[in-house]
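The values are calculated or read from the model by the stated rules, or taken from the named source; none is laboratory data. Predicted model, so just to flag it, every value in this text is computed and none were measured. Here the Cβ positions follow ideal geometry from the backbone for every residue, glycine too, while neighbour counts run over all protein chains shown. Note: areas computed on protein heavy atoms with side chains; ligands, DNA, RNA excluded. Shrake-Rupley method; radii C 1.70, N 1.55, O 1.52, S 1.80 Å.
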Amino acid sequence: LRDPNGYHEEGGKRAVRDPLVSIVVTNYNYAPFLGECLRSVSNQTYEKVELIVVDDGSTDNSREIIHSFEGSAKVLFKENGGIVSAVNAAFPLIEGEIICFLDADDALFPNAVQTFVQAFRETSVVEVDWPLKVVDEVGIHTGKIAQKAGHAWARWALEMVFPLPKPEKRYGIDGFLWTILPLVGEVRELDEPLGIYRWHSRNWFANRPLEERVRIGVEEFDFYFQELENWSRRLEIPCDLEKARGNSWFHMLAQALEDLEKEVPQGSTMVLVDEDHWCAGPQWAGRKVLPFLEREGKFWGLPENDQVAVRELERMMVQGARYVVFSWSTFWWLDYYKGLASFLERNSSKIVTTERVKVFHLHPPKGS
């Protein structure tokens, strides 16, 4: 039996059957990527998809591209006001039971909606997350996967929080939603990448230095956690705010950088083993940074074996690397690459171990 909210009884549980899915594409001056994004929504294998496009006051030729999709999409043009104002303006237009907000520089794979819809079969699910493949400006896969970078939400849960609060400083919407909505329902995480995340020169966040990105991230999540405290109080649900901050990636990274400031001198060269999650770049706070593995200054992937890892580290030592830093997400390397761990024991001094970083001071190669 289907009820007025679009659900039916299945196995004794209320479940969604073939729900309408609304994909809301927000755009601001992303004309070079916009067509690919909109086509990726139009080409979904799942049939019941509603496309809504919100242009947030673009000054490039985005309008021309959007007009070509008007027959198959709801279109809204507005003055520039940021991502929060864009999704707030779009929300009254949305008819779907499941909603996905998509940046215009990203795109979905054809099976994306068909895949994530299955995770919403029980109405206790409020959020489904999936990885995205990271590509460069021209769409070439960088080899990196952005975990928990794609999201879809149950409409009934979003109706609780919309319109979203607009703070004084700019922030995204995903972090706010994944901080608040788990208070009222279940979160499912998928393993399969269902689209692309584009890292490019026009990205407002990606092009900033590491320390600035961390500062912005901490400010942003402090805002989310304040909202979490407010919602927890409103819903009378216990909330451990300090635990939330302790598990925050940006707060952990900020503390890790403080640890490194104390232990790695300015002017030195350090090998950063983080699988490029920090996106530190070639310089950080007066220190030269080498990713590991490294080719022409860029992250090259994981070592095939211990021999490759040791050989590459020896090469970097000859080139002047004097510190090796393991981020918390790569502590497992020291168990997996046992030969590398043994090499570090013989050729370095461990100067600090915290919950966030392990720092080794390399002994200069003989003859250097």
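Shown here: region 48-191, whose C-alpha atoms stretch 40, 36, 34 Å along the first, second and third principal axes, sorted largest to smallest.
Each Lys and Arg Cβ is given +1 and each Asp and Glu Cβ -1; about its Cα centre, region 162-245 then shows a dipole of about 420 debye. The share of accessible area on region 236-368 that comes from carbon and sulfur is 50 percent, using a 1.4 angstrom probe.
Under 5 Å between amide hydrogens, built in the peptide plane, is the criterion, and for Thr142 it picks out Val134, Val135, Asp136 among residues at least 5 positions away or on other chains. Axis of helix 249-263 versus longest Cα principal axis of the chain: the two differ by about 20°, to the nearest ten degrees.
Distance cut-off 24 Å, Cα to Cα: go down the list Lys144/Lys366; Lys144/Lys350; Lys298/Lys358 and report the pairs above it.
From Lys144/Lys366; Lys144/Lys350; Lys298/Lys358, over 24 Å: Lys144/Lys366; Lys144/Lys350.
Once the Cα atoms are used to define both axes, helix 210-235 deviates from the longest principal axis of the chain by about 50 degrees. Rounded to the nearest whole angstrom, the semi-axes of the ellipsoid equivalent to the chain, taken from the Cα gyration tensor as √(5λ), stand at 41, 23, 20, largest first.
Largest mean-square fluctuation among Arg155, Arg188, Arg233, in a Gaussian network model of the chain whose springs join Cα atoms under 10 Å apart, belongs to Arg233. With the simple model of a label 7 Å out from the Cα in the direction of the Cβ, Trp300 to Glu212 spans 3.0 nm.
Of the accessible area of region 19-124, computed with a 1.4 Å probe over protein heavy atoms only, carbon and sulfur atoms account for 50 percent. Against the main long axis of the alpha-carbon atoms of the chain, helix 338-347 sits at an angle near 40°. As a length-normalised measure over Cα pairs under 8 Å and 6 or more apart, the relative contact order of region 113-152 settles at 37 percent. Over the chain, dividing the summed -39,500 (n - 2.57) contributions of all DSSP H runs of at least 4 residues by the number of residues returns a 222 nm mean residue ellipticity of -9500 deg cm²/dmol.
Calculated FRET efficiency, Glu70 and Glu192, Cβ-Cβ r, R0 41 Å, to nearest 0.05? It comes out at approximately 0.80. Let's test the formula: R0 of 41 Å, r as the Cβ-Cβ distance of Glu261 and Arg39. What FRET efficiency results, to the nearest 0.05? Efficiency at R0 = 41 Å is approximately 0.35. The alpha carbon convex hull volume per residue for region 42-82 rounds to 81 Å³.
For region 179-334, relative contact order (Cα pairs under 8 Å, six or more residues apart, normalised by length) works out to 20 percent. Taken per residue, the accessible surface of region 1-160 reaches 43 Å², heavy atoms only and a 1.4 Å probe. Taking 0.36 nm per residue of separation and subtracting the Cα-Cα distance, full extension of the segment from Arg346 to Thr59 would add 97.4 nm. For the chain, the dipole from Cβ point charges (+1 on Lys and Arg, -1 on Asp and Glu) about the Cα centre works out to 880 debye, to the nearest 20. Per-peptide packing, taken as the mean over residues of other Cβ atoms within 10 Å, places 58-71, 81-94 in the sequence 81-94, 58-71 from highest down. Take region 304-368, drop everything but the C-alpha atoms, weight them equally and run the Debye formula without solvent; then report log10 I(q)/I(0) at 0.14, 0.19 Å⁻¹ to two decimals. Once normalised to I(0) and log-transformed, intensities are -0.38, -0.71.
Testing the spin-label approximation: label points 7 Å from Cα along Cα→Cβ at Asn230 and Ser329. State their distance in nm. It works out to 3.0 nm between the two label points. Volume per residue of the convex hull around the Cα atoms, evaluated for region 126-199, comes out as 104 Å³. Please give the FRET efficiency for Val308 paired with Glu95, using the beta carbon to beta carbon distance and R0 = 45 Å, rounded to the nearest 0.05. Working from the Cβ atoms, E equals 0.25. Summary value for the chain: 12 percent relative contact order, contacts being C-alpha pairs under 8 angstrom separated by 6+ residues.
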